[in-house]
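Single-structure report; data block below.
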Amino acid sequence: MKILVPVKRVVDYNVKVRVKSDGTGVDIANVKMSMNPFDEIAVEEAVRLKEKGAATEVIAVSCGVQQCQETLRTAMAIGADRAILVQCDDELQPLAVAKLLKALVDKEQPGLVILGKQAIDDDCNQTGQMLAALADLPQATFASKVEVADGHASVTREVDGGLETLKVKLPAVVTTDLRLNEPRYVTLPNIMKAKKKQMDVLKPADLGVDVKSHLRTLKVSEPPKRGAGVKVPDVAALVAKLKTEAKVI
Amino acid sequence: MAEINALVIAEHDNAGVRPATLNTITAAKQLGGAVTVLIAGSGSSGAAGAAAAIDGVAKVLHADAEIFAHGLAENVAAQVLALASGYSHFLFAATASGKNISPRVAAKLDVGQISDITKVISPDTFERPIYAGNAIATVQSLDALKVITVRTTGFDPAPATGGSATIEAVQAVGDSGKAQFVGAEIAKNDRPELTSAKIIVSGGRALGSSDKFNEVLTPLADKLGAALGASRAAVDAGYAPNDWQVGQTGKIVAPQLYVAIGISGAIQHLAGMKDSKVIVAINKDEEAPIFSVADYGLVQDLFSAVPELVKSL
């Protein structure tokens, strides 16, 4: 069974982004870019499934600019066997990415697609579910545990109030939550090995996909600032403030 | 512009509607057209009745079948699509359930989804946070149909009473047959739900252990009738369950009162609670970033401050 793992190149999670003064977006010139953390968890999970013998090949995919090749090399350093870049310089929104991935699912016929539940830049939380709908596959989102056996995946999901477990027929789409696993550190030998692994580069047109935008960003602004309040000297003063000033208790 | 006709896909437990649905209905009302609510459930006439009583709801569509018992995305999305004709806007709460289902509907309708809206500017233009709330984007949908998830903290709940909508039973779709519910572990307690609680008591890594977390925070939460939350650090350390996590990758909350105890205030935590009306921080480190957003800060060891606070309430 092949596992397809889509990964996104995003601003590193440690970078505090700045809104551009002209309101056209956030300033990502010269900031550190990394693999979306949820996608890193997805790569790790796919590689673990391969190591357990549940999968035979892990294929990492990224849709975006040429520099996404670095992200794909990272995926291969974690243990993906090969990579596909769908290169496109235009902004790609989740529906467009889902259509590109659907075309790759048709081509590669994976038994499982594992990807992050959301990207930490646009915070959309859409691509996995959209892919599942377009490819007419079952989905198990926000996974905290994945087991594959007998043509099915048993997936424990993080839902409001606790956990639930679903059994989905393969092929299926799984999206990862934060605590599915802790991705391994990539080692230098594995980084070197990843450089020699196969990377195919395609264009959206090669897959026959129209990647037009469905949303237009009119403006990006700073969120309203919340000012610091006062320090209170002791518990009694705190209780008094809450009762008489804030009137919340 | 084409007529505005909103369909709100309700989140419910079959007996009644969940609070998040009320906030979603408020967002739907702001679009300016009629609001219809879909209840897809199993043995869900209680939820349909509750939806019909919500202020501002014109009609309730009620699809009742065993296949909706566990809210499987494949089946609920298929039901929405079967009823889609005639509606211009499809709104879901941006909860685990809503986020799971809505992109399936958007993809099948071949439209982009507008996730996590916090403000309706016009029927096609919305505000939504990006980069974990570090920036706010104003986005315009270029599609005729809009599929939207609503961040509940951005909208007041619609009054649960005052409406008298008609309830129309609709034909349920068939089972997708591809996904099966196996089981759930939902924590049972008498506390309010984290995302709709008026008061939240939230603990961080400084609590030191799961036992201490409960021993110190539970009496305070009991006294205040509060929900319990936690920082990512506390959840990562195993002091609190995953679904208590408040922050960028956890729950987004905006209660009347948020009491942050032993929480340093990492950006990712602030992203989840900075819209709370009143924030109290108790931390012995006076340099902790949490104090930069707190209305009332108390620099004191939590192990002495919290019991003292419980006693004086």
### Query
In segment B:301-311, which residues are within 14 Å of A:VAL232 (Cα to Cα) and at the interface with chain A (Cβ under 9 Å from one of its Cβ atoms)?
B:ALA305, B:LEU309
### Task
Scan (1) surrounded by fewer than 20 Cβ atoms within 10 Å (Cβ to Cβ); (2) more than 22 Å from B:ALA106 (Cα to Cα) for the single condition A:ASP106 breaks and write down its number.
(2)
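Could you tell me which of the residues A:LYS16, A:LYS2, A:LYS20 is without any contact (Cβ under 8 Å) to a residue 24 or more places away in the chain and of a type in the set (D, E, K, R)? Can you show your working first?
Details: A:LYS2 fails: without any contact (Cβ under 8 Å) to a residue 24 or more places away in the chain; A:LYS20 fails: without any contact (Cβ under 8 Å) to a residue 24 or more places away in the chain.
Result: A:LYS16 is the single residue among A:LYS16, A:LYS2, A:LYS20 that is without any contact (Cβ under 8 Å) to a residue 24 or more places away in the chain and of a type in the set (D, E, K, R).
Would you check which residues across segment B:251-269 are assigned to a loop (DSSP other than H, G, I, E, B) and either touching a Pro at 6+ places or on another chain (Cβ under 7 Å) or more than 8 Å from chain A (Cβ to nearest Cβ) (or both) and list them?
Taking segment B:251-269 first, the residues assigned to a loop (DSSP other than H, G, I, E, B) are B:252-256, B:262-266.
Of everything in segment B:251-269, those that are assigned to a loop (DSSP other than H, G, I, E, B) and either touching a Pro at 6+ places or on another chain (Cβ under 7 Å) or more than 8 Å from chain A (Cβ to nearest Cβ) (or both) turn out to be B:ILE252, B:VAL253, B:ALA254, B:PRO255, B:GLY262, B:ILE263, B:SER264, B:GLY265, B:ALA266.
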### Message
Among the residues that make up segment B:11-18, is at least one of them over 24 Å from B:ASP116 (Cα atoms), under 18 Å from the mean Cα position of the chain (by Cα), assigned to a loop (DSSP other than H, G, I, E, B) and in contact (Cβ under 8 Å) with a residue 24 or more places away in the chain?
### Response
yes
### Task
Identify the single condition in (1) within 30 Å of A:ILE84 (Cα to Cα); (2) modelled with pLDDT under 95 that A:HIS214 does not satisfy, given that it satisfies every other one.
(2)
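Could you tell me which residue of segment B:165-200 is modelled with the lowest pLDDT, considering only residues that are among the charged types (D, E, K, R) and farther than 30 Å from B:TYR258 by Cβ? Before the answer, list the steps.
Residues of segment B:165-200 among the charged types (D, E, K, R): B:168, B:175, B:178, B:185, B:188, B:190-191, B:193, B:198.
Still in the list and also farther than 30 Å from B:TYR258 by Cβ: B:168, B:175, B:178.
Details: B:GLU168: 98, B:ASP175: 96, B:LYS178: 93.
It comes out as B:LYS178.
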#### Entry: Qualifying position, being within 30 Å of B:PRO307 (Cα to Cα), within 12 Å of chain B (Cβ to nearest Cβ) and not in a helix (DSSP H, G or I), among A:ARG179, A:ARG226, A:ARG157, A:ARG216
A:ARG226
#### Entry: Elements of type strands (runs of 3 or more DSSP E) in segment B:33-112, at least 3 residues being in contact with an Asp or Glu (Cβ under 7 Å, 6 or more places away or on another chain) and away from every other protein chain (no Cβ under 14 Å)
B:59-64
### Task
Test A:LEU166 against the stated conditions and say whether it is within 30 Å of B:THR95 (Cα to Cα), in contact (Cβ under 8 Å) with a residue 40 or more places away in the chain and within 14 Å of chain B (Cβ to nearest Cβ).
no
#### Entry: Search result, residues across segment B:192-237 that are polar (S, T, N, Q), in contact with a Ser or Thr (Cβ under 9 Å, 6 or more places away or on another chain) and closer than 19 Å to B:ASN283 by Cβ
B:SER202, B:SER231
### Message
Against the definition (surrounded by 23 or more Cβ atoms within 10 Å (Cβ to Cβ), more than 11 Å from chain A (Cβ to nearest Cβ), in contact (Cβ under 8 Å) with a residue 24 or more places away in the chain and out of contact with any Asp or Glu (no Cβ under 7 Å at 6 or more places or on another chain)), how does B:GLY174 come out, yes or no?
### Response
no
### Query
Which one of these is at positive phi and touching a strand residue (DSSP E or B) at 6+ places or on another chain (Cβ under 8 Å): B:GLY49, B:GLY56, B:GLY33, B:GLY41?
B:GLY56
### Message
Test of understanding: among A:VAL201, A:VAL209, which residue is in a loop (DSSP other than H, G, I, E, B), hydrophobic (A, V, I, L, M, F, W, C) and more than 8 Å from chain B (Cβ to nearest Cβ)?
### Response
A:VAL209
### Selected residue [touching a helix residue (DSSP H, G or I) at 6+ places or on another chain (Cβ under 8 Å) and under 13 Å from A:LEU207 (Cβ atoms)] from A:LEU100, A:LEU137, A:LEU112, A:LEU131
A:LEU100
### Subset tally (residues that are in contact with a Pro (Cβ under 9 Å, 6 or more places away or on another chain) and surrounded by fewer than 21 Cβ atoms within 10 Å (Cβ to Cβ)) for segment B:81-132
1
### Message
Scan segment A:71-89 and tell me whether some residue there is closer than 21 Å to A:VAL211 by Cβ and charged (D, E, K, R).
### Response
yes
### Summary
Those residues of segment A:8-35 which are at positive phi and within 13 Å of chain B (Cβ to nearest Cβ) amount to A:GLY23, A:GLY25
#### Entry: segment B:18-60, subset among the β-branched types (Val, Ile, Thr) and within 17 Å of B:VAL170 (Cβ to Cβ), residue surrounded by the most Cβ atoms within 10 Å (Cβ to Cβ)
B:VAL37
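For segment A:238-248, indicate whether the set of residues that are exposed (fewer than 12 other Cβ atoms within 10 Å of the Cβ), of a type outside the set (A, V, I, L, M) and either at the interface with chain B (Cβ under 10 Å from one of its Cβ atoms) or out of contact with any Asp or Glu (no Cβ under 8 Å at 6 or more places or on another chain) (or both) is non-empty.
yes
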### Task
Among the residues of segment B:283-300, write down those that are more than 8 Å from chain A (Cβ to nearest Cβ) and either part of a strand (DSSP E or B) or crowded, with 24+ Cβ neighbours inside 10 Å (or both).
B:ASN283, B:ILE290
### Query
Considering segment B:228-242 alone, what residues qualify as being farther than 13 Å from B:GLY272 by Cα, within 11 Å of chain A (Cβ to nearest Cβ) and not in a loop (DSSP other than H, G, I, E, B)?
B:VAL235, B:ASP236, B:ASN242
### Message
Here is a list: B:LYS188, B:LYS146. Which entry is surrounded by 20 or more Cβ atoms within 10 Å (Cβ to Cβ) and more than 8 Å from every other protein chain (Cβ to nearest Cβ)?
### Response
B:LYS146
### Query
Looking at (1) surrounded by 21 or more Cβ atoms within 10 Å (Cβ to Cβ); (2) away from chain A (no Cβ under 13 Å), can you tell me which one B:SER276 breaks?
(2)
### A:VAL220 touching a Leu at 6+ places or on another chain (Cβ under 6 Å) and at negative phi
no
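The values are calculated or read from the model by the stated rules, or taken from the named source; none is laboratory data. Treat the numbers as computed from the prediction; the structure is a model and nothing was measured. Counting neighbours? That spans all protein chains shown, and the Cβs are built from the backbone with ideal geometry, glycine included.
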